[in-house]
Amino acid sequence: MPHDNSYTGQEFKVVGNRFARPDGVDKVTGRARYGADASAPGQLVARVLRSPHAHAKITKIDTAKAERLSGVKAVITSDDLPDLTGGDRGMADILENCMARGRALYDGHAVAAVAAVDEQTARKALKLIKVTYEVLPHVTDVDEAMKPEAPVIHDWVFTGGVNPQPTKPCNVANRTEMGHGDVDAGFAQADVVIERSYKTEQTHQGYIEPHACLASVNSDGSAEMWVTTQGPFSYRTVCASLLGMDLAKLKVTSSEIGGGFGGKTHVWAEPLALALSRKANRPVKLVMTRDEVFRATGPTASTSIDVKVGAKKNGEITAAELELRYQGGAFPGIWGMLGCMTGFACYDIANQRSVGWDVIVNRPKVAAYRAPSAPMAAYAVESIMDVVAEEIGMDPVDFRLKNVAKEGAQAPYGPIYGPIGIESALNAVKENPHMKVKLKKNQGRGVACGFWFNIGGQTCVDLNIGTDGSVNLAVGTVDVGGARSSMGMIAAEELGIDYEDVKVHVADTASLGHNDTTEGSRGTFSSGMATIFAARDAIEVLKERAAQMLDVPKESIQWENGTASATGAENSNLPTLTLKEIAAKSHNTGGPIAGHNEVTADGAGMGFAAHICDVEVDPETGLTKILKYTVVQDAGKAIHPDYVEGQFQGAAAQGIGWALNEEYVYGEDGRLQNPGFLDYRIPVCSDLPFIDTMILEIPNPNHPYGIRGVGETSIVPPLGAVGNAIANATGVRMNHAPMSPIRVLEALDRAGVSGDQVSAG
Amino acid sequence: MSEAVLVSTTVNGDVVEFACPTDEVLLDSLRDRVGLTGVKEGCGTGDCGACSITLDGQLVCSCLVLGVEADGRDITTVEGLTEDGELHPLQQKFIDHAALQCGVCTPGFLVAAKALLDRNPNPTETEIRYALAGNLCRCTGYDKIVRAVQASAKELNKARR
Ligand code: FES
Ligand code: FES
């Protein structure tokens, strides 16, 4: 039955409350089972041998000794993973990224793998594998990789998006351009035109749970995989196609997931675990070390960005231009395009152009990281917004409001905005008591905005009503941060029953139809929509059963507050029937009662946020301390406000880490210098203050409850907000993130000679 | 297999014995030999606190202790926090305050927070933040974790009075 996804403004009883999550007790008692927590009888332990070189030809891999070691059950190299991708370049890249095919493309690239009876034996076996490398010249910096003299990493990469397409291969995979209006004419109208360049370093999602799986391939070709993933269905699709299996024969079960933030949307070593299991004919458990997570999964891009903004004295931006260079690791990506789409999205700029470049270097293949590409572009845009405001003598929040995108404005990538929340967010920032807190010496305040699209996509759920009237809801999007509560609340809301009567679980790939990966902040939006529709289908069945029980036509049955009643004066003496009563009689009225929904959830509502950040900068050490932080973001509708706030806070904290500390450091030798949490320092508890939140609810017109995704947007503003606060505190503008103590000190030292300053706060 | 030693230790009140390779860390012994997978590995290098346990009442990273060192000692893991099936106030407050998102850091935080409250029943916000600085959480920004610990301290003190 087709359903209408329009927002209806219905009143809520359950939604908007703060219920205990269904997986809470399991998680506080240690019972919840994550990727590494499953075992199978006879399981082997897998370890992966990785390249110590940034770029090297692999001339020989001698596995004979390792194979002879007692307890070793399988050794694989790329020879055990024949290329079945049939010319699909994207799939071929994934295959090659899982295991080097004749050439190691980055420090940490998998070269061989073993499965053995225990960890100790597996490690010993790795040492016995002899790999002969012929080291090749490497490049790890985005700007260096674009130079004509840079070593060319792939001979099959010819820059796309330029006309005519080059005939010589190079490291620039793609050029994207978008925008509207006449940029040159716009700059000509400006009273001030300012140009700046910014750099951001590579960061990692830093989920605390490393990648882990338990793979079991049977001799009949059927297989199972227990794995920590954001996308059990896409893991199934990718693994099955790389290994030449039927989708239906590979059952993927997503474990509890210890954080993903985009990093668990892609396969890394899972196909190796399956290949080892196939070869050894035993279950194989593969758990990455933290070192492997840093070196060989998908961090986010590092960037180099030029931005130019022209404005009139009255604050109107007349033209703006962005040129974004994203380092995507050893394979082509889409990061430049996403940067172009998001950079100016918070503003209504008549004349704008964004150009994005995707660049290949000898680093791990970049993956999505929470609002991928947007934080870097926003760092440049939000920084220059303050510089321009200063130049024309306008308050930076007023300057943003003067140019803010509203309903009817055109997004950088073309569409016209519907109702969006950035103006409300900026107004809320202006009014926020945080803005009135007095600042002392060496302290400063910064404000910045952020945008993320949010997505929908293929989704399905199963809602089954038990004979006692309790409800099981099976969803296919995973639960990283409380989503099961939200789904349970939505089902309870629709059915008119108590939250406690609904139990939600994340289904495996054999139990539910295809669901797109849980990414793009789509979980609550899409599975929420499918749950509403499935519940509405179940209600139709319930009404029909009630009609039978009361012996009246179905049309006269109405459903309210979990109860069926017959309308009309002639039926006034008939009893009402609760969901429980109807369920108890289902065996007599037609069998089990259920609702299903399969939908491509369209109309995801865009997410906008504005942040306020106060810092204190120690002029002696360059250390920046976050004193106070406020997030204002539009959620459309907060189903479970605790977990919406949690998304805002967690995203802001990640952004702060990026702004102040986190970065991949590569040595001259092209090797990662800091693949561990000691030297890659994510924010710890004592680094942060409480993170205040304000949830705005501007309904998404394309969702029955008005839901917008909330997971990603708030990682976008912090780089700019922190940079602006540092500038406000010190008078020195930072143009390189992370704005770590050493960079701040250098900038303070340079400040005497450099003219790039704004006034101290 | 490397040389193994018989280890006898008390875990959450129960005596357990296992043969332990001399180069195996206690984290792996607890997970793979005792079956307590509530103890998590986030790094294996003492930097994340996901493997936090108490060893004779002392908060330690079990990834930095050898399994054989546990011989004759007394270990508490997250699995040992519940008493007679009742959640410890910290466990309850973590749920009530939504102090976990993915929850993989939670066992370590609970053990570390309990160690803090055992020795300092009235910690300030700053004391809580520094006491938990060895436990990484990537999901929450720590806000709700600190609030949950504050609420637990209050509740435990009420019960004591
Ligand atoms: S696993 Fe022990 S501190 Fe991270
Ligand atoms: S809740 Fe995910 S790491 Fe803390």
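The values are calculated or read from the model by the stated rules, or taken from the named source; none is laboratory data. The shown structure was predicted, so the numbers you read here are calculated from the model rather than taken from an experiment. Because the Cβ atoms are built from the backbone with ideal geometry, glycine has one as well, and the counts that use them run over all protein chains shown. Side chains are part of the model used for accessible areas, which takes the heavy atoms of the whole protein and leaves out ligands, DNA and RNA. Shrake-Rupley method; radii C 1.70, N 1.55, O 1.52, S 1.80 Å.
Observations
- All of A:Gly466, A:Gly481, A:Gly421 fail the test of being assigned by TED's automatic domain parsing to the domain that holds A:Thr518, surrounded by 24 or more Cβ atoms within 10 Å (Cβ to Cβ) and away from ligand 1 (no atom under 16 Å from the Cβ), apart from A:Gly481.
- A search for C-beta distances below 6 Å between a residue of the range A:701-712 that is open to solvent by 10 Å² or more (accessible area, probe 1.4 Å) and any residue that is hydroxyl-bearing (Ser, Thr, Tyr), counting only pairs 6+ apart in sequence or on different chains, returns A:Pro701/A:Tyr7; A:Gly711/A:Ser521; A:Glu712/A:Ser521.
- Residue that is least open to solvent (accessible area, probe 1.4 Å) [pool: residues in the range A:245-266 that are outside any loop (DSSP other than H, G, I, E, B) and within 16 Å of ligand 2 (Cβ to nearest atom)]: A:Ser254
- A:Phe453 being closer than 24 Å to A:Met341 by Cβ, aromatic (Phe, Trp, Tyr), modelled with pLDDT under 95 and open to solvent by less than 50 Å² (accessible area, probe 1.4 Å): yes
Table: residues versus (1) more than 20 Å from A:Val28 (Cβ to Cβ); (2) within 12 Å of chain A (Cβ to nearest Cβ); (3) among the β-branched types (Val, Ile, Thr); (4) crowded, with 21+ Cβ neighbours inside 10 Å.
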site	(1), (2), (3), (4)
B:Gly13	no, no, no, no
B:Phe18	yes, no, no, no
B:Asp23	yes, yes, no, no
B:Leu26	yes, no, no, yes
B:Arg31	no, yes, no, yes
B:Gly35	no, yes, no, no
B:Gly49	no, yes, no, yes
B:Val60	yes, no, yes, no
B:Glu69	yes, no, no, no
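- Selection over the range B:41-59 of residues that are away from ligand 2 (no atom under 16 Å from the Cβ) and under 8 Å from the mean Cα position of the chain (by Cα) gives a count of 3.
- Out of A:Asp220, A:Asp191, one residue alone is open to solvent by 10 Å² or more (accessible area, probe 1.4 Å) and under 30 Å from A:Asn735 (Cβ atoms). It is A:Asp191.
- Scanning the range A:106-157 for residues that are closer than 30 Å to A:Ala215 by Cβ, open to solvent by 30 Å² or more (accessible area, probe 1.4 Å) and either touching a Cys at 6+ places or on another chain (Cβ under 8 Å) or part of a helix (DSSP H, G or I) (or both) yields A:Glu119, A:Gln120, A:Arg123, A:Lys124, A:Lys127, A:Leu128.
- Among the numbered conditions (1) over 22 Å from A:Thr693 (Cβ atoms); (2) outside the structural domain of A:Ser470 (by TED's automatic domain parsing), the only one that A:Gln633 does not meet is (1).
- Residues being more than 20 Å from B:Asp14 (Cα to Cα), within 16 Å of ligand 2 (Cβ to nearest atom) and open to solvent by less than 50 Å² (accessible area, probe 1.4 Å) - total across the range B:78-109: 16
- Any hit, the range B:70-85, residues being touching an Asp or Glu at 6+ places or on another chain (Cβ under 6 Å) and not assigned by TED's automatic domain parsing to the domain that holds B:Ile145: yes
- Any chance B:Ile75 is out of contact with any helix residue (DSSP H, G or I) (no Cβ under 6 Å at 6 or more places or on another chain), touching a residue at least 40 places away in the same chain (Cβ under 8 Å), open to solvent by less than 10 Å² (accessible area, probe 1.4 Å) and more than 10 Å from chain A (Cβ to nearest Cβ): yes
- Among the residues making up the range A:577-599, those that are open to solvent by 40 Å² or more (accessible area, probe 1.4 Å) and in contact with a helix residue (DSSP H, G or I) (Cβ under 9 Å, 6 or more places away or on another chain) are A:Lys580, A:Glu581, A:Lys585, A:Asn588, A:Gly590, A:Pro592, A:His596, A:Glu598.
- Elements of type helices (runs of 4 or more DSSP H) in the range B:43-156, at least 1 residues being within 16 Å of ligand 1 (Cβ to nearest atom): B:106-119, B:125-131
- A:Ala405 vs. criteria in the same structural domain as A:Gln647 (by TED's automatic domain parsing), in contact (Cβ under 8 Å) with a residue 40 or more places away in the chain, more than 23 Å from the chain's Cα centre (by Cα) and under 30 Å from A:Ile656 (Cβ atoms): yes
- Single residue of B:Leu27, B:Leu36 found to be within 28 Å of B:Ser152 (Cβ to Cβ), modelled with pLDDT of 95 or more, in a loop (DSSP other than H, G, I, E, B) and more than 16 Å from ligand 2 (Cβ to nearest atom): B:Leu36
- So B:Asp32, is it out of contact with any strand residue (DSSP E or B) (no Cβ under 8 Å at 6 or more places or on another chain) and within 7 Å of ligand 1 (Cβ to nearest atom): no
- Test: residue in the range A:292-314 that is hydroxyl-bearing (Ser, Thr, Tyr) and over 29 Å from the mean Cα position of the chain (by Cα): no
- Scanning the range A:295-311 for residues that are under 30 Å from B:Thr140 (Cβ atoms), part of a helix (DSSP H, G or I) and either among the basic types (Lys, Arg) or outside the structural domain of A:Thr509 (by TED's automatic domain parsing) (or both) turns up at least one hit.
- Test: A:Ser527 is of a type in the set (S, T, N, Q) and open to solvent by 10 Å² or more (accessible area, probe 1.4 Å): no
- Of all residues in the range A:77-100 being buried (at least 19 other Cβ atoms within 10 Å of the Cβ) and within 21 Å of A:Val366 (Cα to Cα), the one that is farthest from the chain's Cα centre (by Cα): A:Ala100
- A:Ala36 vs. criteria open to solvent by 20 Å² or more (accessible area, probe 1.4 Å), within 14 Å of another protein chain (Cβ to nearest Cβ) and modelled with pLDDT of 95 or more: yes
- The set of residues from the range A:221-244 being in a loop (DSSP other than H, G, I, E, B) and at pLDDT 95 or above comprises A:Ser222, A:Thr228, A:Thr229, A:Gln230, A:Gly231, A:Gly244.
- Just one of (1) more than 27 Å from the chain's Cα centre (by Cα); (2) open to solvent by less than 50 Å² (accessible area, probe 1.4 Å); (3) within 23 Å of A:Gly87 (Cα to Cα) fails for A:Val172. It is (1).
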